[in-house]
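J.: Have a look at this one before I ask anything.
None of the figures in this text is laboratory data; all of them are computed from the coordinates on show. This one's a predicted model, so the numbers in the text were calculated from it and none came from an experiment. Glycine also receives a Cβ, built like all others from the backbone with ideal geometry; neighbour counts cover every protein chain displayed.
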Amino acid sequence: MELGSALNFLDNKSILVTGAAGFLAKIFVEKILRVQPNVKKFYLLLRAADHKSAIHRLHNEIIGKDLFKVLKEKCGKNFSSFISEKITVIPGDISHEDLGIKDCNLVQEMLNEVDVVVNLAATTNFDERYDVALGLNTFGAKFVANFAKKCVKLKVLVHVSTAYVSGEKTGLMLENSYSMGETLNGVSGLDINFEKNVIEQKLNELRLLGASDKEITQAMKDLGIQRAQAKEDKVQRMKVSCWSEPYMAPRAVPKGQAKALASPKMGKLARFYGWPNTYVFTKAMGEMLVGEFKANMATIILRPTIITSTFKEPFPGWAEGVRTIDSLAIGYAKGKLTFFLGDVDSVVDLIPADMVVNAIIVAMVAHASNQPSETIYQVGSSMRNPVKYRSLQDFGYRYFSKKPWINKDGKAVIVGKIRVMDSMASFHRYMALRYLLPLKGLEFANTAFCHFFEGVYSDLNRKISFVTRLIDIYRPYLFFHAIFDDINTEKLRMAARSSLAENDMFYFDPKCINWDDYFMNTHIPGIVKYIFK
């Protein structure tokens with residue numbers, strides 16, 4: 001690959017970015033506006049009711065963030081006019097045809113002008129409602145690909161996925177694509193349109209039963225997990241089981257049973273399609289649809305691993321939202337995390353957000369040839385510069401021992417070494433002795449004293465169920481023993497080193513990261529500043 005100049009490529013280009021208020025999208029837009037102010041136009045798609053609401057989101061959720069302070073200083077008093085000239089905000093929704101854009105004239109303008117489409121819209125919630133996740137992560141990918149195909153000047157489509165579509169395997173995770181209907185465990189019968197029908201039938205059933213909004217939400221969450229990973233195996237047949245028999249007509253159910261049926265209890269579970277949660281399941285199906293509908297487009301599927309705060313640009317340590325490992329750091333610093341469940345000697349694959357953005361830009365330059373292709377890039381660190389959970393524990397202990405969190409009472413939270421449980425068996429023993437036995441005693445007392453302890457019992461039971469569900473969802477990542485191959489990404493880095501004029505500007509080699517220095521002086525201070533509340 002002869003890459004030439006990334007800045008020349010970006011000059012006078014129009015770029016459509018979906019999910020524009022997201023973490024990566026903001027960094028992507030800021031980077032290009034800062035290094036190549038001659039970019040022609042950003043079309044930023046935002047979920048909003050109308051243009052006024054979209055403008056509000058632009059100012060409050062994008063350019064109003066600290067992330068843009070370097071660009072503001074660079075532009076000075078011209079910042080507002082510069083943004084007005086370079087950014088067009090679009091209210092829309094990728095889960096609909098033509099991205100849900102209602103302005104026909106704007107749609108035609110975009111189809112005539114857009115050179116690059118970058119799909120960053122997604123729900124990243126592991127425990128998302130299945131209907132929401134399928135709409136955004138799966139069918140949204142299809143609608144973006146279909147829109148990109150109609151852009152007459154299109155050079156390249158970039159679809160950002162996740163490395164964890166590979167599931168919870170061990171060994172080396174290759175940069176392989178998914179064929180339509182392929183599953184992780186070889187089970188046949190995965191049909192994306194069928195999954196959509198499952199959802200529609202289940203929703204119709206729940207409404208017929210008079211389920212509340214809360215019950216419907218929980219049922220949709222359960223459905224996603226069930227479709228991703230479980231099937232009935234020596235379990236009670238559901239009295240109304242649309243998720244396993246999606247074309248069965250709903251039947252009347254006695255009043256009062258709606259709540260029970262809205263969130264059915266499963267017995268022994270066995271792997272169905274092989275994905276650990278709704279998020280990666282729907283992202284994998286999204287990749288399938290991109291492959292199916294890309295036609296003759298140059299297409300990039302970029303799979304980042306766990307994304308962390310910025311390494312260098314626009315300044316070190318910028319972060320937003322509680323990401324996977326940051327939730328552990330917050331809980332630990334505030335004294336709420338007393339134990340860790342997982343293999344502390346396993347590798348946790350991390351990559352700073354600005355490196356992911358740089359990889360996207362360099363990949364755009366490399367593939368903007370109008371030639372039909374599909375290349376997958378896994379962007380992470382486990383192959384080139386691995387770091388272990390044990391190191392993360394050490395970084396957290398050292399940092400918060402020196403700079404403890406001050407709680408709302410003005411007192412410093414003293415942290416210590418946390419208890420490590422290295423197996424699910426040890427976790428279940430801990431839960432049984434610490435919580436389940438007291439819960440059983442409380443249940444007995446509650447019955448004996450005419451439900452006097454009903455509130456306490458219900459609260460404890462709810463908390464135990466919540467923790468158990470979280471552990472089930474995150475377990476594959478806590479005991480993850482795979483390494484993500486990045487041979488395609490390394491080839492891209494090699495091409496950048498040899499032929500990209502601005503190689504230093506678009507760095508994305510994890511070998512340059514000193515994890516001790518990054519966590520102690522960049523990442524943890526960043527999440528304390530921007531995320532801790």
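J.: If packing is taken as the average count of other Cβ atoms within 10 Å, what order do 54-63, 485-494 fall into, highest mean first?
T.: Result, highest mean Cβ count within 10 Å first: 485-494, 54-63.
J.: For the peptides 123-132, 203-212, 402-411, 354-363, what is the packing order when you average, over each peptide's residues, the other Cβ atoms within 10 Å and list the highest mean first?
T.: 354-363, 123-132, 203-212, 402-411
J.: Where in the stretch 122-163 does the amide nitrogen come within less than 17 Å of the point 7 Å from the Cα of L106, taken along Cα to Cβ?
T.: Answer for the stretch 122-163: 144, 147-148.
J.: Ok, one more. Compute the signed sum of charges (Lys and Arg +1, Asp and Glu -1) over the other residues within less than 14 Å, Cβ to Cβ, of G76.
T.: +4
J.: Something else about it: Roughly how many Å is it from the Cα centre of the stretch 479-522 to that of the stretch 56-107, as a whole number?
T.: 29 Å
J.: Per-residue counts of other Cβ atoms within 10 Å, averaged by peptide: what ranking do you get for 27-34, 322-329, highest first?
T.: Those peptides, ordered most packed to least, come out 27-34, 322-329.
J.: K86 to R398: FRET efficiency via 1/(1 + (r/R0)^6), r the Cβ-Cβ distance, R0 45 Å, to the nearest 0.05?
T.: 0.55
J.: Between beta-carbons, use under 11 Å as the cut-off and find the net charge around P314, counting Lys and Arg +1, Asp and Glu -1.
T.: Overall, the nearby charge balance is +3.
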